[in-house]
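Handing you this structure, nothing more for now.
The values are calculated or read from the model by the stated rules, or taken from the named source; none is laboratory data. As the structure is a computational prediction, the values presented were derived from the model and not from experiment. Because the Cβ atoms are built from the backbone with ideal geometry, glycine has one as well, and the counts that use them run over all protein chains shown.
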Amino acid sequence: MRLFLGGLVHETSSFSPLPTSVQSFRDGVLIRRTDPQALQQVTAQPNLMGVIDAAARHGDTLLPGLYAEAQPSGPLSRADYERLRDELLADLRASLSLGAVDAVLLVLHGAMLAEGYHDCEGDLLLRVRDVVGPAVPVGALLDLHCNLSPAMVESGAVLVACKEYPHIDYAARGEELHTLLSAMARGELAIRAQWQRVPMLGIFGTTQPPMRDFVLQLQASEQTVPGVMSVSVLHGFAWSDTPYTSAAVLVLAQDTPAARKAAAQLLGELAETFYGLRKRAAANRLPLQLALDEAVAAMQQAQGRPVVLADTADNAGGGAAGDSTFVLRALLDRGIQGVALGMIWDPQAVAIATSAGVGARLPLRIGGKVGPMSGDPVDLDVEVLACRSDARQRSLTPGGTDPLGPAVAVRARGIDIVLNSIRQQVFSPACFTELGVDPTTQRLLVVKSTQHFRSGFDAMAAAVVYADTPGSLASDLGRLPYRHLPRPIWPLD
Ligand SMILES: [Zn+2]
């Protein structure tokens, strides 16, 4: 199979203080078709791992196009989105001009916004369809925090989202998508998509019941319901304000009357089950002071293991600045010690501490710089524990790593603080260990992450506490200035 590969990945928060531009993709991943190493670079993308393995086994010829990913942030300008989109479309046309393209596989997010575009993925997929025509199978690998739109489905693209939050199953979903596209390209499979909006929003981690059991139910239904090929449950992304913002269920089935009927029934059942889970499935996020009470209580039972407290609203992975100081301030006010806190995005403080050097003691102004949702800067007399220019952390996909940029660890009043320069959430303990801070010997670990941290920290954690901190991803959706969100929707109505 001659398989065109590309990607345009951005989770856009309407409420992020940080704009997004082509430069944001240069700072993340921006691979162009004309780059000399384009094929090697695209095939090395962690999100494509399962696709690349499957393609290698089948002896596919891979045709790389634009592959772009940026850290979540605010909407793109119209011009920047159109520039990236049109480059990807031009790459596809260029590949077609050199020979047949048997299938197109794109990595997208599902909650990307630009000026004038509530639904970048729907826009892109419709245009891809226009380029390749009705017969060529097109597939998209999606994040489950997708706000599924009519245009995305009407494009005829085969849409497969990850099922796990933390998103640890991209490789498996990529293999699945490859299997579907190659069967379609051989003319052995026709797929009909059915979907249903589920009027709810929230943060629904899948590491614990009831969502754990729901994921198992989805996987079982793919095996047992005749004709059903793939089931995706989209959680929606509440901080992206569009007419499509919502949870949804999507069922892909063979295009036969019997399979369509079975899929319709399954769709109704899964949508009802998901809606029924909404109150129990949403993470129990405590206001900061209550969360600290719970963390301190858990520390007393922890038997030498760290308690992990998630600063859920300052998650760079949801478009937050990652430099808020609300938790740090509260820890200092309470005099809680034996803490490691990561990562505060503060390139300026990193540069100052790096100039001072390891072992130096200096006054340092930390965090609180981007805007009101970052809180106030905190002034501390710190000791510089470590400076790194090349630190990385493991990402969610096995073998994948993400750079932290220049980073330092500093200590003040019993708190070890990791500061970094490439805005990024905490995925793995490497955020600490790379800076010489041993997370296993701390009494309390504070991580700026909503849920993804669990894949790396659950094994060491005596307890996990979710703090509903102030910030860009604060969970009180009723306070967000929505203009487009469809109503009624839980938990607002
Ligand atoms: Zn996600």
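Can you tell me which condition ALA351 does not meet? The list is (1) crowded, with 24+ Cβ neighbours inside 10 Å; (2) touching a residue at least 40 places away in the same chain (Cβ under 8 Å), and all the others hold.
Answer for ALA351: the failing condition is (1).
Kindly establish whether GLU154 is among the acidic types (Asp, Glu) and either surrounded by 24 or more Cβ atoms within 10 Å (Cβ to Cβ) or within 16 Å of the ligand (Cβ to nearest atom) (or both).
So GLU154 fails the test.
Looking at the range 93-101, can you tell me whether even one residue there is within 16 Å of the ligand (Cβ to nearest atom), assigned by TED's automatic domain parsing to the domain that holds ASP27 and either free of Cβ contacts under 8 Å to residues at least 60 places away in the same chain or buried (at least 23 other Cβ atoms within 10 Å of the Cβ) (or both)?
Within the range 93-101, not a single residue is within 16 Å of the ligand (Cβ to nearest atom), assigned by TED's automatic domain parsing to the domain that holds ASP27 and either free of Cβ contacts under 8 Å to residues at least 60 places away in the same chain or buried (at least 23 other Cβ atoms within 10 Å of the Cβ) (or both).
How many residues, within the range 110-151, are among the charged types (D, E, K, R), more than 16 Å from the ligand (Cβ to nearest atom) and in contact (Cβ under 8 Å) with a residue 60 or more places away in the chain?
Residues that pass the stated criteria total 1.
So for the range 295-312 (the condition being touching a residue at least 24 places away in the same chain (Cβ under 8 Å), within 26 Å of TYR165 (Cα to Cα), touching a Phe, Trp or Tyr at 6+ places or on another chain (Cβ under 7 Å) and within 16 Å of the ligand (Cβ to nearest atom)), does at least one residue qualify?
There is at least one residue in the range 295-312 that is touching a residue at least 24 places away in the same chain (Cβ under 8 Å), within 26 Å of TYR165 (Cα to Cα), touching a Phe, Trp or Tyr at 6+ places or on another chain (Cβ under 7 Å) and within 16 Å of the ligand (Cβ to nearest atom).
Let me confirm something: among VAL446, VAL465, which residue is away from the ligand (no atom under 16 Å from the Cβ), more than 29 Å from ASP27 (Cβ to Cβ), modelled with pLDDT of 95 or more and buried (at least 21 other Cβ atoms within 10 Å of the Cβ)?
The unique qualifying residue is VAL465.
Let me ask something additional. When the residues of the range 392-422 are filtered to those that are of a type in the set (A, V, I, L, M) and over 17 Å from SER449 (Cβ atoms), which remaining residue is surrounded by the fewest Cβ atoms within 10 Å (Cβ to Cβ)?
The qualifying residue surrounded by the fewest Cβ atoms within 10 Å (Cβ to Cβ) is ALA412.
Moving on to the next point. Restrict the check to the range 73-86 and report whether at least one residue is assigned to a strand (DSSP E or B) and at pLDDT 95 or above.
yes
If you take the residues in the range 157-179 that are farther than 18 Å from GLU121 by Cβ and in contact with a strand residue (DSSP E or B) (Cβ under 8 Å, 6 or more places away or on another chain), which one is nearest to the ligand (Cβ to nearest atom)?
For the range 157-179, the residue satisfying everything is LYS163.
Within the range 388-423, count every residue that is farther than 16 Å from ASP346 by Cα and touching a Cys at 6+ places or on another chain (Cβ under 7 Å).
Number of matching residues: 1.
Yes or no: LEU106 buried (at least 23 other Cβ atoms within 10 Å of the Cβ) and either in contact with a Pro (Cβ under 7 Å, 6 or more places away or on another chain) or assigned to a helix (DSSP H, G or I) (or both)?
The answer is no for LEU106.
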